[in-house]
1. For a quick check of your reading of the model, give me the residue pairs whose first member lies in the range 69-91 and is among the basic types (Lys, Arg), whose second is not in a loop (DSSP other than H, G, I, E, B), with beta-carbon atoms closer than 6 Å and at least 6 apart or on different chains.
2. From (1) over 21 Å from PRO86 (Cα atoms); (2) aliphatic (A, V, I, L, M); (3) in contact (Cβ under 8 Å) with a residue 60 or more places away in the chain, pick out the condition that doesn't hold for VAL216.
3. Being in contact with a His (Cβ under 7 Å, 6 or more places away or on another chain), under 25 Å from LEU188 (Cβ atoms), of a type outside the set (Ser, Thr, Tyr) and outside the structural domain of ILE28 (by TED's automatic domain parsing): is that true of ILE134 here?
4. Quick one: which of ALA186, ALA111 is touching a strand residue (DSSP E or B) at 6+ places or on another chain (Cβ under 9 Å), closer than 30 Å to ILE6 by Cβ, aliphatic (A, V, I, L, M) and crowded, with 21+ Cβ neighbours inside 10 Å?
5. Considering the range 188-203 alone, what residues qualify as being within 22 Å of the chain's Cα centre (by Cα), among the hydrophobic types (A, V, I, L, M, F, W, C) and not in a helix (DSSP H, G or I)?
6. If you go through the range 272-282 one residue at a time, do you hit one that is part of a helix (DSSP H, G or I), surrounded by 22 or more Cβ atoms within 10 Å (Cβ to Cβ) and touching an Asp or Glu at 6+ places or on another chain (Cβ under 6 Å)?
7. When you look at ILE73, is it touching a strand residue (DSSP E or B) at 6+ places or on another chain (Cβ under 8 Å) and either in a loop (DSSP other than H, G, I, E, B) or assigned by TED's automatic domain parsing to the domain that holds ASP280 (or both), yes or no?
Amino acid sequence: MELRDIPVEGWRRVVHVRDRAARLDAVISVHDASLGPGCGGVRVFPYSSFEDGLADALRLSRAMSFKNALAGIPFGGGKAVIIADPKDKTAEMFRAFGRALNELGGLYHTAEDSGVSERDLQYTHEISQWVGGIAAGGKGGNPSPYTARGVWRGIEASARCRLRRSDLRGLKVAIIGVGAVGMALAELLNRAGAKLVVADVNPQAVATAVKRFDAVAMSAEEGVGADVDVLAPCALGGAITKERLVRLKASIVAGGANNQLATPDLDEAMRAMGVLYAPDYVINAAGVISVGLEILGSWSEEEMTGRIDAIGPRLLRLFERAERERRATGAIADEMAIDVIRSKRAA
């Protein structure tokens, strides 16, 4: 196995991991460790180049620093990407990834992300202790259902703030990406009486959502411009671009995906348009909270319920401050997270 450090200003440690025998080509990125070791998922994705994979790992790990800070868990920001097609992943690939985690000596704790299952990480856990998101005694496990419940609570808060709604009956929501998080979110919204539009690159997932939830199927491009109240990006990042924003009819953007904005300036652009944006790393934090509590040995249903239910009020306070200061919600969230990290450094 080869581990090559990549110097990146402002990042605690970034390494390129290669294990040719196991066909592992990965980047592990720890952005900040002021609050504790980096914690965040590993994703498998067929990036077009190593540079694209590296850039994604850097963006995601930085977002995890902010997410963990506002979530109130003692972890810094970490993320890993494995450059491969999920169809080609193997047990030995994830065992090799576990050996890489051991080389970092606990600086980074991993969990599930896009293209990775709980079973995949069982192979990693055979080699390394630095793995969360694996159910033990009925506690924790795959964080996707918790992420979905947190997003559901966040949509409730967003609808209350922007639309003055006390419930979600009849609310029109377009879910872009009905994978593990998106499908679980669709179920929760359907139970609450929302009307759903769904899109995904996997036609079987779309067919399942249409059948189970009486949803309307659209392409991702159609879904972004659909006549709905809420756009919920739940696939990979970059769903909101400058080109797509001009077609947006939803008055709320609130979803489970990481890095939903293609560029940071779109935060202010949405505010100027009157679109309420629920910052992604605030609304989708329940998954990493579950992983964090599992790692700390303090996971319980009662604790998770309280943490998930706190996401709505946290967003409402953020929205109120953004309105009061006439600033974009994402900028407010960044400032709040940076304050938490700086206060820990100064302690």
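1. From residues that are among the basic types (Lys, Arg), the pairs are LYS79/SER29; LYS79/ALA57; LYS79/LEU60; LYS79/SER61; LYS79/MET64; LYS89/VAL44.
2. (3)
3. Numbers: in contact with a His (Cβ under 7 Å, 6 or more places away or on another chain): yes; under 25 Å from LEU188 (Cβ atoms): yes; of a type outside the set (Ser, Thr, Tyr): yes; outside the structural domain of ILE28 (by TED's automatic domain parsing): yes.
For ILE134, the condition - in contact with a His (Cβ under 7 Å, 6 or more places away or on another chain), under 25 Å from LEU188 (Cβ atoms), of a type outside the set (Ser, Thr, Tyr) and outside the structural domain of ILE28 (by TED's automatic domain parsing) - is met.
4. Working: ALA186 fails: closer than 30 Å to ILE6 by Cβ.
Just a single option satisfies the conditions, and that option is ALA111.
5. If we filter the range 188-203 for residues that are within 22 Å of the chain's Cα centre (by Cα), which is where we start, we get 188-190, 196-202.
Keeping just the survivors that are among the hydrophobic types (A, V, I, L, M, F, W, C) gives 188-189, 196-199, 201.
Passing the criteria: LEU196, VAL197, VAL198, ALA199, VAL201.
6. Narrowing the range 272-282 to residues part of a helix (DSSP H, G or I): 272-273, 280-282.
After this cut, where a residue has to be surrounded by 22 or more Cβ atoms within 10 Å (Cβ to Cβ) as well, the list is 280-282.
Filter once more, keeping what is touching an Asp or Glu at 6+ places or on another chain (Cβ under 6 Å): none.
No, there is no match, as no residue in the range 272-282 is part of a helix (DSSP H, G or I), surrounded by 22 or more Cβ atoms within 10 Å (Cβ to Cβ) and touching an Asp or Glu at 6+ places or on another chain (Cβ under 6 Å).
7. Details: touching a strand residue (DSSP E or B) at 6+ places or on another chain (Cβ under 8 Å): yes; either in a loop (DSSP other than H, G, I, E, B) or assigned by TED's automatic domain parsing to the domain that holds ASP280 (or both): yes.
Yes: the conditions hold for ILE73.
Each row is one residue, and each column tells you yes or no for (1) within 22 Å of the chain's Cα centre (by Cα); (2) of a type in the set (Val, Ile, Thr); (3) not assigned by TED's automatic domain parsing to the domain that holds ASP52.
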position: SER158; (1), (2), (3): yes, no, yes
position: LYS172; (1), (2), (3): no, no, yes
position: ALA186; (1), (2), (3): yes, no, yes
position: VAL206; (1), (2), (3): yes, yes, yes
position: VAL224; (1), (2), (3): yes, yes, yes
position: VAL228; (1), (2), (3): no, yes, yes
position: ASP265; (1), (2), (3): yes, no, yes
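The values are calculated or read from the model by the stated rules, or taken from the named source; none is laboratory data. Computed from a prediction, not measured in an experiment: that's the story for all the values here. Reconstructed Cβ throughout: ideal geometry from the backbone, glycine too, with neighbour counts over all protein chains shown.
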